[in-house]
Each structure stands twice: as structure tokens, then as C-alpha cells.
Amino acid sequence: SPNGRPSLPIQNIPIAQLEELVRSGLRERQTRAVLIDEAQHLAQRADAEDWQLVGNGLKLLGSISGTLIVLFGTSELLSLPGLTGQLGRRTKAIHLRRYLWDDPDYKEEFAAVVASFAKQWPDLLPVEFLIKHLPFLYTGCVGCVGILSGWIYDAMALAEQEALPAVTLDVL
């Protein structure tokens, strides 16, 4: 290693040392915020005891390193601030609304995203075909563009593997 100390595989480093390395790294780099997506998975069973441990660990990490910890996830996270008074005072829940298929503006925006995929691969993804199946696509990805893109890439790969001229409904 560059500092002259032998480096260990991460699985051989004790948890307490890993925690200290993370905290000191955040402090030294003056990290302003750590964003954690899908944070509901931090406490797998999502019972009060698990969330208490998670909350205490995040609180300690944030306070020792001076870093803001931002959690993104499902409504399971809403129970986290209520576990302790300190967490309640130090947290704020911001609700990000779900995708709304019944909203005409959203539907138009979703159609534009789908059309942008078709524009990139017009032969494999005919825009008329995709627009015709917008409700199916929306249902399959729940309006999440990340899920949609993975799904479309997989469908294109399968269509090419099967020597099809374009993605079909069966392929999707």
C-alpha cells in the first residue's frame, strides 16, 4: 500500500476499524452529504429494534464526520424519525409523489421518454409500436425510467439474439 502498511482484504478488517475508516474518510474529504438510495433495505426486517440500530449508526456517522446523511426509499423510512427524539429533531421527511398515469402531463412526458428510446434504435424499437403499448410499458416499469431502460435493453438483446427485425410484444 502507498502508506507502507500492508493492505488487508475488506472482509479481514474488523467492523470497528471499517467504521473509523469511513468516518475519517468523510471528515478528511469534507464530504457534505451521503445519499443512500433504497435506504429501506438498511433494516431488512424493518422492526423497531432494527431501525433503532440503523438510526443510531447513521446519527453517529453524521455527527462524528459532520456529514449530512440523506435517505431515499419507500414509506418504511417514515417510521425512522419517530424512534428517538434526537432523530425526530434532526430529520425531515420529504414525500416524493408516485408516478401518476392518470395525469395527462405525466402521460405525455412518459411518452416522450419512450419515444427517445425509439429514436436511438428506430429499427429495433419502432416508435409507433412503443406508443401503442404505452400502458403496458408503464405498468411493467411503474413509470420508473431506470426500470424501463433495463427492460428495453434486455428486449433488444433478446430480439437480436432471436434474429427478429424488431422488438415484439412477446419479446417484451
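The values are calculated or read from the model by the stated rules, or taken from the named source; none is laboratory data. What you are looking at is a predicted structure, and each value in this text was computed from that prediction instead of being measured. Don't worry about glycine lacking a Cβ; one is built from the backbone with ideal geometry, like all the others, and counts go over all protein chains shown. The area values use the complete protein model at the heavy-atom level, side chains included, leaving out ligands, DNA and RNA. Shrake-Rupley method; radii C 1.70, N 1.55, O 1.52, S 1.80 Å.
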(Q) If you average the alpha carbon positions of region 96-172 and of region 49-82, how far apart do those two centres end up, in angstrom? (A) 36
**Q.** Cα-based Lys pair tally, the chain, threshold under 26 Å, eight or more apart or on separate chains
**A.** 4
Q.
Among 139, 7, 167, which residue has its Cα furthest toward the positive end of the charge dipole of the chain, with +1 on Lys/Arg Cβ and -1 on Asp/Glu Cβ?
A. 7
Q. In debye, nearest 20: dipole of region 30-172 around its Cα centre with unit charges on the Cβ of K, R (+) and D, E (-)?
A. 920
Q: Hey, can you grab everything whose amide H is under 5 Å from the amide H of residue 34? Only 5+ residues off in sequence or another chain; H modelled, so Pro and N-termini drop out.
A: 68, 69, 70
**Q.** Cα gyration tensor shape for region 29-80, rounded if a/c is under 1.5, else prolate or oblate
**A.** oblate
**Q.** Choice from 124, 58, 78 showing the highest fluctuation, given a GNM over the chain with Cα pairs closer than 10 Å
**A.** 124
Q) For the chain, what relative contact order do you get, as a whole percent, if you take Cα pairs closer than 8 Å and at least 6 residues apart? A) 14
Q. How much of the accessible area of the chain, in percent, comes from carbon and sulfur atoms when a 1.4 Å probe is used?
A. 57
